[in-house]
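Scroll down for the structure; my scribbles are underneath it.
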Amino acid sequence: MGATGTPLRHLPNLISALRVVLVGPIVWALLERRFDLAIWLFLVAGISDGVDGFLAKRFGWTSRLGGILDALADKFLLVSTFVCLWWLGVFPGWLVLLILARDLLIIGGGIVYNARIERFEPEPSLISKLNTFLQIVLAALGVVHLGITPVPAWLLQLLIWGVVLTVFLSGAGYVREWSRRAAAKGRRHGD
């Protein structure tokens, strides 16, 4: 039996699912002001994100479910963390709404694309990956700012504006790509 036939091929999906489960304890730790625990859990979630991606790519254990679980785990973790950090006064509400709007655009667009055009395969663009990375760094620094040591205001502002810029660029990129694909599919069916 090949590597793709082994029961271990489901390990990346399991790791992504466990990352979704970590969202609850991270939110609890943040709201209870247990920032040390929140940082450790956030670190575990970040490492698990790298591990499941490595395993999926290295051993060919990729799947449609895995791509969706990985993306949802990232979304749940980041949105929940940003909502908590807004609640705790670290980030402005408009930033959280902007991040949430982008995620709703991507999820809603993916559902519509899947229902009306063709099967949706999650393929994050480079700018989308940069946006996720910047969100992770900003969220982690927000927790550090609350729980360990103040982070310079200029650094937080720089990251906030980096997130804002990449939110707009990645959201526009998804809309442009889906529109291009839909138009191409329409032309193929019109022939």
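Points worth noting:
Listed here are the residues, each with its yes/no results for (1) in contact with a Lys or Arg (Cβ under 6 Å, 6 or more places away or on another chain); (2) more than 12 Å from residue 143 (Cβ to Cβ).
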| position | (1), (2) |
| --- | --- |
| 13 | no, yes |
| 20 | no, yes |
| 23 | no, yes |
| 32 | no, yes |
| 36 | no, no |
| 46 | no, no |
| 57 | no, yes |
| 61 | yes, yes |
| 67 | no, yes |
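- Residue that is surrounded by the most Cβ atoms within 10 Å (Cβ to Cβ), among those in segment 59-100 that are closer than 14 Å to residue 19 by Cα and in contact with a Pro (Cβ under 7 Å, 6 or more places away or on another chain): 66
- Selection count where residues are surrounded by fewer than 16 Cβ atoms within 10 Å (Cβ to Cβ) and either without any contact (Cβ under 8 Å) to a residue 12 or more places away in the chain or among the polar types (S, T, N, Q) (or both), scope segment 124-156: 9
- Scanning segment 37-55 for residues that are acidic (Asp, Glu) and surrounded by 13 or more Cβ atoms within 10 Å (Cβ to Cβ) turns up at least one hit.
Table: residues versus (1) at pLDDT 85 or above; (2) among the hydroxyl-bearing types (Ser, Thr, Tyr).
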| position | (1), (2) |
| --- | --- |
| 60 | no, no |
| 80 | yes, yes |
| 86 | yes, no |
| 95 | yes, no |
| 99 | yes, no |
| 109 | no, no |
| 112 | no, no |
| 122 | no, no |
| 126 | yes, no |
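- Where helices (runs of 4 or more DSSP H) fall wholly inside segment 1-110, the ranges with 3 or more residues that are acidic (Asp, Glu) are 35-59.
- As a summary of the residue check, residue 109 satisfies the conditions (1) within 19 Å of the chain's Cα centre (by Cα); (2) closer than 23 Å to residue 31 by Cβ except for the one numbered (2).
- Listed by first and then second residue, the pairs with beta-carbon distance under 8 Å, at least 6 apart or on different chains, first residue in segment 37-58 and more than 16 Å from residue 16 (Cβ to Cβ), second surrounded by fewer than 15 Cβ atoms within 10 Å (Cβ to Cβ) and of a type in the set (A, V, I, L, M, F, W, C), are 39/148.
- Counted residues, segment 101-121 - those being surrounded by 15 or more Cβ atoms within 10 Å (Cβ to Cβ), in contact (Cβ under 8 Å) with a residue 12 or more places away in the chain and of a type outside the set (Val, Ile, Thr): 6
- Test: residue 170 is of a type in the set (Gly, Ala, Ser) and either at pLDDT 90 or above or touching a Leu at 6+ places or on another chain (Cβ under 8 Å) (or both): yes
- Selection count, segment 143-160, where residues are part of a loop (DSSP other than H, G, I, E, B) and either closer than 17 Å to residue 82 by Cα or of a type in the set (Val, Ile, Thr) (or both): 3
The values are calculated or read from the model by the stated rules, or taken from the named source; none is laboratory data. Small disclaimer: the values here were computed from a predicted structure and weren't measured. Backbone-built Cβ (ideal geometry, glycine too); neighbour counts: all protein chains shown.
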